[in-house]
Amino acid sequence: MYYVFTIYSAIKDRYFVGYTDDLETMLQTQNQKGFGGMKGDWRLVYDEQLPNKTEAFKRSKELRYNLQRKAVDFSAQNAERTVHPV
């Protein structure tokens, strides 16, 4: 099982979309080691389960594309964890 996720940094007001097979470890790693020099305040705002790595990769690309075009609202006031099972 793989997950597509979006995490948010309030310090940088930035979102990051990715995929992983272990959400908890990914979030701990991001907050301890950081991403792009930003560490400590990442929080999970969205996740979605997918059956395999290939599907997760495709979905993460789709979410990144939509996020760049502001077609997805992950704004801080709407930033709550949402799970969409397959």
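The values are calculated or read from the model by the stated rules, or taken from the named source; none is laboratory data. None of these values were measured; they are calculated from a predicted model. Note that we place each Cβ from the backbone using ideal geometry, even for glycine, and neighbour counts take in every protein chain shown.
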*asked:* For the range 51-74, give me each residue that is part of a helix (DSSP H, G or I), surrounded by 15 or more Cβ atoms within 10 Å (Cβ to Cβ) and at pLDDT below 85.
replied: L67
*Any chance L23 is in contact (Cβ under 8 Å) with a residue 24 or more places away in the chain and in contact with a Phe, Trp or Tyr (Cβ under 7 Å, 6 or more places away or on another chain)*: yes
